[in-house]
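The structure appears right after this line, and notes come after that.
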Amino acid sequence: MRILNLKTFLLFLAPALLLYSLFYAGPIISGLYYGFTDWKGISFSANWIGLDNFKNVFSDPLFATALRNMFILAVIVIVVQHAISIFLAVLLDQKLRGVVWMRAVIFYPAILNTVVIGYIWSYMYSPFVGFLPKFFESLGLDALANIDWLGRPDTAIYAISFVIIWQYTGYSMMIYMAGLQGISSDIYESASIDGANARQKFFKITLPLLVPAITVNTVLSVIGNMKQFEHIWVMTQGGPANSTQVFGTLIYQFAFKTSQPGYGTAMAILLSILIMLVTVSIIRVLGRWEVKQ
Amino acid sequence: MRAAKISSYGIVAVCLAVILVPLFVLATVSLQNSSGTLNPLALPETYHWSNYPKAIEVGRLVLYFTNSVTVLAVSLSATLVCSILAGYALRHGRAWKADWYFSYFLLGMILPGFAGTIQSFLLLRELSLLNTHLGLSIIQVAGGMALPIFLYFQFFKTVPLEIEEAAMIDGCSPIRIFWQVVVPLTLPVTSTCIIVIAINSWNDFFGPLVYLSSPDSRTLPIGLMFFKTQYSANWPQLFAASALVAMPITLLYMFVQRFIIKGLVGGAVKG
């Protein structure tokens, strides 16, 4: 029996389909045309220039910087944030006094506004007046106290990735906790009877059964970091000396600062392809490790 | 065993400190004398509460708060309506290639939204919606409906067909079945969607940065960003403004913390 007929089906679908196509998908898909033009972004018209944008992208040092930073962010965040959050999830999954409160505190930065977070950390890092210089100074670590973390091309991207980890560790932790709750306690009991110790239980039971949660978390944070714009824009705007440029900041600048949106669009096409490739391969690879309970 | 336990709680304590110290610094610096030297390591000697009313006035925070609420209200209600309807259509649309539409909508969770910014910008300009809260809301609805559609679709699959079929045999029209039988069941998914949509809209940075350029139309995050460009050296006042911007969501979090965490995590896990 059909609940909807064609007319009601279209009626229900229309508002979402129209808005989504006009104001989200349409603009992005039209980039497949504009990426091959000298578009100035003043009107919808542009001249076809073939592959010129793409040729220029590949010889553009900023493209290499953006690729490098995307890679740094993705790798650091996956390794550090996920290691810490799995560890915290396992610890805070137990029934302990104050555990609900601890989880809530660790999760809290995830709901804060990026501008607020950017300001807090700009101040934390800021030379002379900031928290870290004064903190290291009070410990007598003058070498660390004199580093301008966000102002040096060799440290800025790492300082920013620390902020991203600070904000989202609690979020990954909660996703891992949801995963832990799906593991039946029978498995742990029978492992105890067989004489397994805590370490064996973690590596032979917990970790393998957490693979679905690891997949979700990895996909979320990799996609999020590949699309990174806000944290960098608020803290460094891509500087110093372009050392923290990522695709998001470059595309924004080509669109609104230097009036080369056609060129920026070519980069956006490459980024979209990269994101899809990476997402599919993460799901493929981690899917192979998945085990059934 | 005991040593292992103590060291693991040591690590938890360090993590808690790393989270809390910057928040403490935010609070304490916001109360310091805005013309004196700053000491982020201790509580101020005298509390300069006057930084707060000054920040509200200088930062025009009341206006920006109202703007943020307006955008949130429009974009939340419109996203809910669009996605619940679309989710239902996709659930019952096998005969008309619903799975194609479904994959098309899912692209919205993967593709970078900034890839189509200039096109959307020109489109809003053509429609005279640039610098309007309606225009920004429309952009948020279009860019944020993928996950809600997915969540509603997944939920509708769990509703037994028999319920709808029984109503149909009793002579209910499709619209009445949807409205009176199905919608009342969606409360749990709807609450997840409300949390996700509301937090994304409230914290949206890129949208208002691009589509709202007139000072009067700014939302809180962008208003706060311009606060810094005007008063860059004044950390206490900037931090008072930041604390105020963080306040509404923080208060909400204190009262319905479980609900918010469940909403955000549920949205991610099912998505």
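Summary of values
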| quantity | calculated |
| --- | --- |
| Three-way shape label, chain A, alpha-carbon gyration tensor, a/c 1.5 | oblate |
| About the Cα centre, charge dipole magnitude for the protein assembly as shown (Lys/Arg +1, Asp/Glu -1 at Cβ), debye | 660 |
| Of A:ILE157, A:ILE84, A:ILE187, the one that fluctuates the most in a GNM where chain A has Cα springs shorter than 10 Å | A:ILE187 |
| Förster-model FRET efficiency, 22 Å R0, A:LYS134 and A:TYR158, C-beta, rounded to 0.05 | 0.60 |
| Residues of type aspartates and glutamates that B:LYS262 reaches as a straight line, Cα spacing below 17 Å, ignoring anything fewer than 8 places off in the same chain | A:ASP93 |
| For segment B:184-227: rounded, prolate or oblate by the Cα gyration tensor [a/c cutoff 1.5] | prolate |
| Near-label residues of segment A:257-293 by backbone N, under 14 Å of a point 7 Å along Cα→Cβ of B:TYR104 | none |
| GNM top mover of A:ARG199, A:ARG103, A:ARG68 - chain A, alpha-carbon springs below 10 Å | A:ARG199 |
| Distance in nm between pseudo-label sites at A:PHE44 and B:ILE6 (7 Å out along the Cβ direction from Cα) | 7.1 |
| Chain A - mean residue ellipticity at 222 nm from DSSP helices (-39,500 (n - 2.57) per run, n ≥ 4, rounded to 500) | -20500 deg cm²/dmol |
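Values quoted throughout were computed directly from the atomic coordinates according to the rules given, and no laboratory measurement underlies them. In this text the structure is predicted, and so the values were computed from the model without any measurement. We place every Cβ from the backbone using ideal geometry, glycine too, and count neighbours over all the protein chains shown.
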